[in-house]
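Shown next, in structure tokens, is the structure this report addresses.
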Amino acid sequence: MNQETNRKILNFIASEPRAMSEIAQHIEKSWKTADKYVQLLKENNPNVLVKVFRKGSHGALKVAFLKSMMKKSSDQIKDKFFNEFLRGKKKHEFDVLDFYSHLKTDDKNMIIEQFKYENVSECQNLVELLRSCDSVLRCLSGNLSWINMEENGVRIIDVLQELVNRGVEIKVLCRIDAASMRNIYRLRSLGDIKFRHVRHPLRGFIVDQKVFRLKEEMRSTRYRDGELNNNLRIFYDVAEPEWVQWMGNIFNYSFDNSMNLESYEEVMKMINQHI
């Protein structure tokens, strides 16, 4: 089973329980093959559950679904947004403000920045956030455009080089395609940085086990006159240990189940000749 089929099944069962026959039809495989794939998913993902109804009868029904945690409200929220993450591929498919508003903790903070220039940070405190990393920096990105930013005259790429020189491990979830090639190569040139190809809806960082930051960007040109007068970036920082661990688990799950950069190396070389 390849990664695309893996994701296709997970997205399909994320919204509601699915009979094995529905899964087979969805992935255009036989019932037996679909059952085999679901069992493989179940072995590697504790959130995938399988239940047989009317077992032993001719009308037996085998159903796969994602575990719904009903013990407490925070678990229900985690389940809701984990499924939203699995289904989403673009930024607008995960409501970051809604997620942030659901977190019942004092260990969170918002930074709101008006911006004119794409690659200039005015008040993100991004340099300070990155430099606070001691061991592992996990990056949730699209095309890695943020590595080209500057903040108060400090280039972000230089800060990342500092982290690599200090022995900080950097892991990246991003798109590996023609639009991200230059940034991937530029970042990889700093040292041993690990990349995985995933189209996902989140943009941000997880710094060690201390804090995570998610970003939402709103451009005035995408709204009607009078709705939004300025371009805004909103940064949601969360330091509550339970939620930092949860976000880290989401990252690790996606990272461990995605294709690495080396798998795309030959294709990348061919594409790189034309960009």
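The values are calculated or read from the model by the stated rules, or taken from the named source; none is laboratory data. If you're wondering where the values come from, they're calculated on a predicted model, not measured in any experiment. Cβ: placed from backbone, ideal geometry, glycine included. Neighbour counts: every protein chain shown.
Structure notes:
- Scanning region 96-141 for residues that are in a loop (DSSP other than H, G, I, E, B), at pLDDT 95 or above and surrounded by fewer than 19 Cβ atoms within 10 Å (Cβ to Cβ) gives D107, S132, D134, S135.
- Qualifying residues in region 203-236 (those that are acidic (D, E) and surrounded by 13 or more Cβ atoms within 10 Å (Cβ to Cβ)) - the one nearest to C133 (Cα to Cα): D208
- For region 221-251, filtering for residues that are outside any loop (DSSP other than H, G, I, E, B) and either over 23 Å from I77 (Cβ atoms) or touching a residue at least 12 places away in the same chain (Cβ under 8 Å) (or both) leaves 19.
- A count restricted to region 252-275 and to residues that are assigned to a helix (DSSP H, G or I), out of contact with any helix residue (DSSP H, G or I) (no Cβ under 8 Å at 6 or more places or on another chain) and not small (G, A, S) stands at 11.
- For region 70-88, filtered to residues that are assigned to a loop (DSSP other than H, G, I, E, B) and surrounded by fewer than 16 Cβ atoms within 10 Å (Cβ to Cβ), the residue that is modelled with the lowest pLDDT is M70.
- Any hit, region 253-265, residues being buried (at least 17 other Cβ atoms within 10 Å of the Cβ), in contact with a strand residue (DSSP E or B) (Cβ under 6 Å, 6 or more places away or on another chain), assigned by the TED database to the domain that holds V136 and more than 29 Å from S121 (Cα to Cα): yes
- Selection within region 221-235 - out of contact with any strand residue (DSSP E or B) (no Cβ under 9 Å at 6 or more places or on another chain), of a type in the set (K, R) and under 20 Å from V96 (Cα atoms): R222
- Flag if S141 is hydroxyl-bearing (S, T, Y) and either over 25 Å from Q114 (Cβ atoms) or in contact with an Asp or Glu (Cβ under 8 Å, 6 or more places away or on another chain) (or both): no
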